[in-house]
Amino acid sequence: MSHPKNSVHLNVMKNGVKLSMLYSASSSFPQSGQTLQLFLKKGDKIWIQNYQNKKGAILHDHGSYNSFSGALVNQL
């Protein structure tokens, strides 16, 4: 969820490589979601990166609206 005064661009990252991008804006697109199915190896790193524009980007920190989760579906 973006802060009411700005838009937010988020990158889904794996080992330093951008896999996907999310966009959230204050009024037109206040929320965003993404689902990815990934094949991961032991030691792989996954994170969400806040891609800041010139004004900066602030996530809305009201309650628990921002979340990131993962699940092991099948171990190979």
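Observations on the model:
- Selection of the stretch 56-75 for residues being at pLDDT 65 or above and polar (S, T, N, Q) yields 66, 67, 69, 74, 75.
- Count of the stretch 1-37 residues which are modelled with pLDDT of 90 or more and either loosely packed, with under 11 Cβ neighbours inside 10 Å or touching a Cys at 6+ places or on another chain (Cβ under 6 Å) (or both): 2
- Residues of the stretch 38-55 that are modelled with pLDDT under 75 and surrounded by fewer than 10 Cβ atoms within 10 Å (Cβ to Cβ): 54, 55.
The values are calculated or read from the model by the stated rules, or taken from the named source; none is laboratory data. Just so it is clear, the model here is predicted, and its values are computed rather than measured. Ideal geometry is used to build each Cβ from the backbone, glycine not excepted, and the neighbour counts take in all protein chains shown.
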